[in-house]
Amino acid sequence: MALKPEPTAPFHSVQYALRVLESVSKHGNGVTDAQISRETGLPTGHLASLLLTLRREGYVEQVSDGAYVIGASLLLLASGAARRQALEDRLQLTLSELRDSVGAAVYLSRYVDGEVSVTQVADGPLTPAVNEWVDFRSSAHASAVGKCLLAQLDHDGRRDHISRHRTARLTSRTITDEKILFSQLDAQSATVPVLDLQEYAVGTVCAAVPLTAGSAAGCLALSLPIEDAHRLRSAAETLSRRAAPVLLSLAL
């Protein structure tokens, strides 16, 4: 006897949805609907409706190039190492999209256990990362990343950091006077990007904006070669406007 379609339809719909989610999850950088159709065997008409539902419920998201990636609702179902890896992959994708938007290498940094930590970088052949010729942990006074993080600390926190990492002169533009440095940090508005105009490295300019998430100090930054310095402020403004998706990824 043939099975009646009505009772089995919900079951099959769940099966199809799971196959689609498995396909999307396998492709960390995104997958097209055509590829999903090939991997799941679902006809495009059925798939389009299913993807629309999964997007509405937040289980998948469609990125700027039309590809599909896992969504926030799916990430929340995971746990342990799998969840951490999924969140890291999602955040890296967000940073890569931001890199393409600003046309510069992008950095995510935090102040962890009294040290500057660059946790993720999105760069590429046309947007190379800055050459870390001096450890970022030892050059907070000179880099946009470091100054942005130090600006989020209180006076005692800054003094503690400087007592462990002296303000060495890295270029002719590096501020080495503690009073001048702290004065500039005090005057720094949270709504204005912190700039590094060849203070860390000759030939490179940088900008950083704070990522305020509770009491933790964090920031987003970008770097450009000196020949593109004319784009620094506009790129920094774009970076500031686009910080919200990064905060959302961190919050998850």
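The values are calculated or read from the model by the stated rules, or taken from the named source; none is laboratory data. Bear in mind the structure is a predicted one, so any value in this text is a computation, not a measurement. Every residue, glycine among them, receives a Cβ derived from its backbone with ideal geometry; neighbour counts consider all protein chains shown. Heavy atoms of the whole protein, side chains included, go into the accessibility calculation; ligands, DNA and RNA do not. Shrake-Rupley method; radii C 1.70, N 1.55, O 1.52, S 1.80 Å.
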Rounding to the nearest 10 and keeping the result within 0 to 90°, find how far the Cα-based axis of helix 5-26 lies from the longest principal axis of the chain.
30 degrees
Dipole of the chain, positive direction: furthest Cα of Asn29, Gln188, Val130, with charges on the beta-carbon
Asn29
Using a 10 angstrom cutoff on alpha carbons, build the Gaussian network for the chain and name the most mobile of Gly124, Gly146, Gly45.
Gly45
So if the hydrodynamic radius of segment 21-73 is defined as the Kirkwood radius over C-alpha pairs, what does Stokes-Einstein give as its diffusion coefficient at 37 °C and 0.692 mPa s, in µm² per second?
305 µm²/s
Specify the angular offset, from 0 to 90 degrees and rounded to the nearest 10, of the alpha carbon long axis of helix 44-56 from the longest principal axis of the alpha carbons in the chain.
50 degrees
Unit charges on C-beta of K, R, D, E only; dipole of the chain, Debye:
220 debye
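Accessible area per residue of the chain at 1.4 Å probe, in Å²? Please list the in-between numbers first.
Values: 13500 Å² over 252 residues.
Per-residue accessible area for the chain comes out at 54 Å².
Calculate the dipole size of segment 152-252 relative to its Cα centre from +1 charges on Lys and Arg beta carbons and -1 charges on Asp and Glu beta carbons; express the result in debye to the nearest 20.
Numbers: 11 positive and 11 negative charges, 18 e Å.
That gives segment 152-252 a dipole magnitude of about 80 debye.
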Describe numerically, in nm with one decimal, the distance between label points set 7 Å from Cα along Cα→Cβ at Leu126 and at Asp65.
1.2 nm
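In the chain, carbon and sulfur make up what percent of the accessible area (probe 1.4 Å)? Present the calculation step by step, with values, prior to reporting the outcome.
On the way: 7230 of 13500 Å².
It is 54 percent, rounded to a whole number.
So which GluC sites (Glu not before Pro) in segment 35-74 end up in coil per DSSP with only 12 or fewer other C-beta atoms within 10 Å? Write out the running numbers ahead of the final one.
Values: sites: Glu39, Glu57, Glu61; in loops: Glu57.
For GluC sites (Glu not before Pro) across segment 35-74 that sit outside H, G, I, E and B with at most 12 neighbouring Cβ atoms in 10 Å, the list reads Glu57.
Counting only helical runs of four or more DSSP H residues, what would the 222 nm mean residue ellipticity of the chain come to if each run contributes -39,500 (n - 2.57) and the total is spread over all its residues?
On the way: 10 runs with 117 residues, N = 252.
Rounded to the nearest 500, it is -14500 deg cm²/dmol.
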Highest average packing first - 100-107, 230-237, 178-185, Cβ atoms within 10 Å:
100-107, 230-237, 178-185
Shape descriptors of segment 104-252 over alpha-carbon atoms, Rg and Dmax in angstrom, are 14.1, 42
Please identify the cysteines of the chain that lack any partner cysteine with a Cβ under 4.7 Å from their own Cβ.
Cys206
As an exercise, take the mean of 1/r over every pair of distinct alpha carbons in the chain, invert it, and state the Kirkwood radius in angstroms.
20.3 Å
In the chain, taking the dipole from +1 charges on Lys and Arg beta carbons and -1 charges on Asp and Glu beta carbons about the Cα centre, the listed residue (Ser117, Leu42, Gly103) farthest towards the positive end is Leu42
